[in-house]
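K.L.:
Sending over a structure as structure tokens; questions will come in a sec.
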Amino acid sequence: MPQTLYDKLWQDHVVHEEADGTALIYIDRHLVHEVTSPQAFEGLKLAGRKLWRVSSVVATADHNTPTDHWERGIEDPVSRQQVETLDANIRETGALAYFPFKDPRQGIVHVVGPENGATLPGMTVVCGDSHTSTHGAFACLAHGIGTSEVEHVMATQCLLQKKSKTMLLRVEGRLGKGVTAKDVALAVIGRIGTAGGTGYAIEFAGSAIRGLSMEGRMTLCNMAIEAGARMGFVAVDDTTIDYLRGRPFAPKGEVWERAVSYWRTLRSDEGASFDRVVELRAEEIRPQVTWGTSPEMVVPVDATVPDPAKEADPVRREGMERALQYMGLVPNTPISEIAVDKVFIGSCTNSRIEDLRAAAAVVKGRRVAANIRLALVVPGSGLVKQQAEREGLDKIFVAAGFEWREPGCSMCLAMNADRLEPGERCASTSNRNFEGRQGAGGRTHLVSPEMAAAAAIAGHFADVRDIL
Amino acid sequence: MDKFIRLDGLVAPLDRANVDTDAIIPKQFLKSIKRSGFGPNAFDEWRYMDVGQPGQDCSQRPKNPNFVLNQPRYQGAQVLLTRANFGCGSSREHAPWALLDFGFRAILAESFADIFFNNCFKNGILPIVLPAQEIDALFAQVEATPGYRLTIDLSAQVVVRPDGKGIPFQIDAFRKECLLNGWDDIGLTLRHADKIKAFEEKRRIEQPWLFA
Ligand code: SF4
């Protein structure tokens, strides 16, 4: 019987199965960061248990680390304690790789894993972070877990799971100029809703997806969780293999050849059936801007802020009214008339080299508008930062009035000093526009890097297709 | 983990869809390296008028009188009644830790986000999925009836209303066993240690690149 990619990946990892279908799934790669691991390390120690397989662990500090003045260290004592706790825990247990604060390869865990070749096709990848779905771009079963599960993986190298339903999300056609993987992700969420993928594993397929770079696929899979799906993935093709060749933890020589021939089987068979199929036309996707406090509250840049009065469902209407009030927006306002205060280019969704190149192309030779209080570029990792500097992208951003920072999660969740003040409005390339996400009272609009750059230059949202 | 067998508890209604884990416990409290003490900061941004900081004495902070969980009639609630897609967003287990510390042992909603749903079971919280019309009816009853309580019987898989009506619910057999017995997942899994080792050895031979 033809199998889906999900079936293949699942089957390849089942260690044991209970009568009700709950399975013990083997975990190949465990990514660890400072926020969701301390309680797990402590639990392990208290129970007198050991880390099952040290070489499965790749760790870095990213959520709490400052993005400027590294010479001063981490000034917030609580954040510092968390990062130092991770240092101590890794010193004690060991890891395949650890990229601590200030290491040249340190960065956001979901950027660091793939760029070092620590994420390989066919792996199960977990991390105490919901955006672990990012790694699905490499045909991995990759998803976020809670801290109890982090401890479970540390102690047993396995997780207890039930099989998900499968969804095929097919995007056929060619994306227009200025339309990116981020816009595809937001358009998908706008279509199926933030709970549309709940209980599903999403396979992204179709010619528009095959046309995306690995960076673009990572952006898309990263946002699968915002559609409610714990994981999203893309089949292996030449793009995947070309990306991995020569990465530090990728296999070499004869083992590489063997790996590649296995990886090439990691796609859904012809005629495999899915529980749900959703189709989008690439040509119909326009640059997207969220207007509310959930990623599904999204419209194209040339549209207007929706009017709750036109919504029939009372629960939805109330949700829209509450969101508009929080966002300080009036129904029917054209999106392009919404002025922004801050611009953030970064996060595990959009902080890779390709994202920075695309934003720099918009910014080049232009100036950030006078009403913008802060425009921030935060590369996803030390390696991305170095690469960007080699290409002179930092100079383009700085000349335009952007701040060029050290890598980390930064204003994506504002656990460090980078944040919005109450009422401030931000064009952000991150993944969540929840109330208070970027700082208490802050107002987040999710956009692509190109659109964030365009908003910085215009001082308000602007259709990047008119600028390019 | 504490066992969950039967609960008779006061119900508090949180009438919003898509309540995310950032709202349940804002990020500044994630800097803690402990599992406990998150209760006073559950729903922090909705519950208080000021911006909360870790390590603060919350009893002195100005409360938001309009936030439902601040109303006197819902103090001591153990059952949270809410809407669709509860617990979406970040995977932080601090969210169920905060809800548990606040006093909730069961959550009733039309649907839950996957990771949050999973995290609840690891902490002895029972998330129950009920059809939309049952949730609507419960909201109406809770609002109309001060001191409204529900009885949740896990072995019988039923929520019993004060008027005697029983609402059945589904739960995975394995999860049910774990809750009823208060079992530690890790201990259970380690009974299969030999199987895991054998699986790992086979994998090491077939896909050596995974074990570099
Ligand atoms: S960049 Fe944002 S979403 Fe990504 S791991 Fe960091 S905090 Fe989470």
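K.L.:
If you scan region B:172-212, which residues turn out to be part of a loop (DSSP other than H, G, I, E, B), within 12 Å of another protein chain (Cβ to nearest Cβ) and touching a residue at least 40 places away in the same chain (Cβ under 8 Å)? Step through it out loud before you land on a result.
P.N.:
Taking region B:172-212 and keeping what is part of a loop (DSSP other than H, G, I, E, B), we get B:172, B:182-184, B:191-192, B:207, B:212.
So of that shortlist, the ones also within 12 Å of another protein chain (Cβ to nearest Cβ) come out as B:172, B:183-184, B:191-192, B:207, B:212.
Passing the criteria: B:Trp183, B:Asp184.
K.L.:
Among the residues of region B:28-37, is any assigned to a loop (DSSP other than H, G, I, E, B) and in contact with a strand residue (DSSP E or B) (Cβ under 9 Å, 6 or more places away or on another chain)?
P.N.:
Narrowing region B:28-37 to residues assigned to a loop (DSSP other than H, G, I, E, B): B:32-37.
Next, from what is left, pick out any that are in contact with a strand residue (DSSP E or B) (Cβ under 9 Å, 6 or more places away or on another chain): none.
No.
K.L.:
Every residue in region A:214-242 that is open to solvent by 30 Å² or more (accessible area, probe 1.4 Å), touching a residue at least 24 places away in the same chain (Cβ under 8 Å) and over 15 Å from the mean Cα position of the chain (by Cα), please.
P.N.:
Passing the criteria: A:Asp237, A:Thr239.
K.L.:
Looking at this structure, is A:Ser448 within 16 Å of the ligand (Cβ to nearest atom), within 14 Å of chain B (Cβ to nearest Cβ) and either closer than 10 Å to A:Phe344 by Cβ or not acidic (Asp, Glu) (or both)? Quick ask: steps written out before the conclusion?
P.N.:
Working: within 16 Å of the ligand (Cβ to nearest atom): yes; within 14 Å of chain B (Cβ to nearest Cβ): no; either closer than 10 Å to A:Phe344 by Cβ or not acidic (Asp, Glu) (or both): yes.
No; evaluated as a whole, the condition is false for this residue.
K.L.:
Now for a different question. Determine the pairs where a residue that is away from chain B (no Cβ under 14 Å) and part of a strand (DSSP E or B), located within region A:334-356, has a partner that is of a type in the set (Lys, Arg) and more than 12 Å from the ligand (Cβ to nearest atom) with Cβ atoms under 7 Å apart, the partner being 6 or more residues away or on another chain.
P.N.:
Note: pairs meeting the criteria are A:Lys342/A:Arg373.
K.L.:
So, one more: Among the candidates A:Gly401, A:Gly436, which residue alone is closer than 18 Å to A:Ala453 by Cα and more than 12 Å from the ligand (Cβ to nearest atom)? Walk me through it before giving the result.
P.N.:
Working: A:Gly436 fails: closer than 18 Å to A:Ala453 by Cα.
Being closer than 18 Å to A:Ala453 by Cα and more than 12 Å from the ligand (Cβ to nearest atom) holds for just one of A:Gly401, A:Gly436, which is A:Gly401.
K.L.:
Does A:Val301 qualify as being within 27 Å of A:Gly199 (Cβ to Cβ), open to solvent by less than 30 Å² (accessible area, probe 1.4 Å) and under 24 Å from the mean Cα position of the chain (by Cα)? I'd like the intermediate steps shown before the answer.
P.N.:
Numbers: within 27 Å of A:Gly199 (Cβ to Cβ): no; open to solvent by less than 30 Å² (accessible area, probe 1.4 Å): yes; under 24 Å from the mean Cα position of the chain (by Cα): yes.
No; evaluated as a whole, the condition is false for this residue.
K.L.:
Please work out if A:Gly107 is of a type in the set (Gly, Ala, Ser) and at pLDDT below 95.
P.N.:
Details: of a type in the set (Gly, Ala, Ser): yes; at pLDDT below 95: no.
Spelling it out, it is not the case that A:Gly107 is of a type in the set (Gly, Ala, Ser) and at pLDDT below 95.
K.L.:
Considering A:His131, A:His152, A:His143, which residue is assigned to a strand (DSSP E or B), within 9 Å of chain B (Cβ to nearest Cβ) and within 24 Å of B:Arg92 (Cβ to Cβ)? Before you say what the answer is, go through the steps one by one.
P.N.:
Details: A:His131 fails: assigned to a strand (DSSP E or B); A:His152 fails: assigned to a strand (DSSP E or B).
It is A:His143.
K.L.:
Sticking with this structure for a sec: Please verify whether A:Val362 is part of a helix (DSSP H, G or I), within 16 Å of the ligand (Cβ to nearest atom), open to solvent by less than 20 Å² (accessible area, probe 1.4 Å) and touching a helix residue (DSSP H, G or I) at 6+ places or on another chain (Cβ under 8 Å), treating the condition exactly as stated.
P.N.:
Values: part of a helix (DSSP H, G or I): yes; within 16 Å of the ligand (Cβ to nearest atom): no; open to solvent by less than 20 Å² (accessible area, probe 1.4 Å): yes; touching a helix residue (DSSP H, G or I) at 6+ places or on another chain (Cβ under 8 Å): yes.
No, not satisfied.
K.L.:
Right, something else. Of A:Met411, A:Met415, which residue is touching a Phe, Trp or Tyr at 6+ places or on another chain (Cβ under 7 Å), open to solvent by less than 10 Å² (accessible area, probe 1.4 Å), within 14 Å of the ligand (Cβ to nearest atom) and not in a strand (DSSP E or B)?
P.N.:
Details: A:Met415 fails: touching a Phe, Trp or Tyr at 6+ places or on another chain (Cβ under 7 Å).
Unique residue meeting the criteria: A:Met411.
K.L.:
Within region A:90-103, can one find any residue that is surrounded by 17 or more Cβ atoms within 10 Å (Cβ to Cβ), within 14 Å of chain B (Cβ to nearest Cβ), under 27 Å from B:Leu210 (Cβ atoms) and within 16 Å of the ligand (Cβ to nearest atom)? Step through it out loud before you land on a result.
P.N.:
Step one: list which residues in region A:90-103 are surrounded by 17 or more Cβ atoms within 10 Å (Cβ to Cβ), which gives A:90, A:93, A:95-101.
Next cut, within 14 Å of chain B (Cβ to nearest Cβ) only: A:95-97.
This time we only want the ones that are under 27 Å from B:Leu210 (Cβ atoms), so: A:95-97.
Checking which are within 16 Å of the ligand (Cβ to nearest atom) leaves us with none.
There is no residue in region A:90-103 that is surrounded by 17 or more Cβ atoms within 10 Å (Cβ to Cβ), within 14 Å of chain B (Cβ to nearest Cβ), under 27 Å from B:Leu210 (Cβ atoms) and within 16 Å of the ligand (Cβ to nearest atom).
K.L.:
Something else now. Taking the options A:Met223, A:Met327, name whichever one is within 14 Å of chain B (Cβ to nearest Cβ) and within 22 Å of A:Arg191 (Cβ to Cβ). Spell out the reasoning first.
P.N.:
Values: A:Met327 fails: within 14 Å of chain B (Cβ to nearest Cβ).
Of A:Met223, A:Met327, the one residue that is within 14 Å of chain B (Cβ to nearest Cβ) and within 22 Å of A:Arg191 (Cβ to Cβ) is A:Met223.
Each row is one residue, and each column tells you yes or no for (1) surrounded by 20 or more Cβ atoms within 10 Å (Cβ to Cβ); (2) in contact with a strand residue (DSSP E or B) (Cβ under 9 Å, 6 or more places away or on another chain).
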residue	(1), (2)
B:Phe43	yes, yes
B:Pro62	no, yes
B:Pro65	no, no
B:Asn85	yes, yes
B:Leu100	yes, no
B:Ala106	yes, yes
B:Ala113	yes, yes
B:Gly124	no, no
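K.L.:
In region A:300-324, what residues are more than 14 Å from chain B (Cβ to nearest Cβ), out of contact with any Phe, Trp or Tyr (no Cβ under 7 Å at 6 or more places or on another chain) and of a type in the set (A, V, I, L, M)?
P.N.:
A:Ala303, A:Ala309, A:Ala312, A:Leu324
K.L.:
Hey, another quick one. Identify, by number, the condition in (1) in a loop (DSSP other than H, G, I, E, B); (2) in contact (Cβ under 8 Å) with a residue 12 or more places away in the chain; (3) more than 16 Å from the ligand (Cβ to nearest atom) that A:Val299 doesn't meet.
P.N.:
So A:Val299 meets the others, but not (1).
The values are calculated or read from the model by the stated rules, or taken from the named source; none is laboratory data. None of the values given here were measured: they were computed from a predicted structure. Please note: Cβ atoms are built from the backbone with ideal geometry, for glycine as well, and neighbour counts cover all protein chains shown. Accessible surface is based on the protein model in full, side chains and every heavy atom, while ligands, DNA and RNA are left aside. Shrake-Rupley method; radii C 1.70, N 1.55, O 1.52, S 1.80 Å.
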